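Below you'll find the structure, written out as structure tokens, and then a few comments.
Every number in this text was worked out from the coordinates using simple rules, so none of it is lab data. Note that the coordinates shown come from a computational prediction; the quantities given were computed from them, not determined experimentally. Note: ideal-geometry Cβ built from the backbone for every residue, glycine included; neighbour counts use all protein chains shown.
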Amino acid sequence: MNINVSGHHVAVTESMRNYIEEKLVRIRRHFEQVIDVNVIVSVQKLRQKAEVTVHMSGKDIHVESEDTDLYAAFDSLVDKLDRRILKHKEALRAHPHDSIKRRVQQEE
């Protein structure tokens, strides 16, 4: 999993990069087919914003979060991202097309 961290109007420090990578391990635990992750951290006056785009096989997931504290914004962002990835994983497991195939085979 490649992680690209960039900052807009903020310098991304090594401790910030380590914090982000540590939090993104949670995603890898739930879904292993992650190709790369792009993280953009931006600051505008009192508003800190974090954005993550996760590129997986077959789908891209984009999540944004804003807060007064950058680390709090990233924590809520990781929670949102975790829920979206679990939802995607469940959709892959559901195999809704299999039930249609079985119904057609039973009718024949």
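Values for this structure:
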| item | result |
| --- | --- |
| In degrees, nearest ten, helix 14-30 long axis to first principal axis of the chain (Cα) | 10 degrees |
| Lys pairs under 29 Å by Cα in segment 2-107, provided they are eight or more residues apart or on distinct chains | 18 |
| Protection proxy ranking of 82-89, 50-57 - average other beta-carbon atoms within 10 Å, highest first | 50-57, 82-89 |
| Between helix 96-107 and the chain: long-axis angle, C-alpha atoms, 0 to 90°, nearest 10 | 0 degrees |
| Cβ-based net charge around R83, under 13 Å, with every Lys or Arg adding one and every Asp or Glu removing one | +2 |
| The chain: calculated mean residue ellipticity at 222 nm from DSSP helix runs of at least 4, using -39500 (n - 2.57) | -17000 deg cm²/dmol |
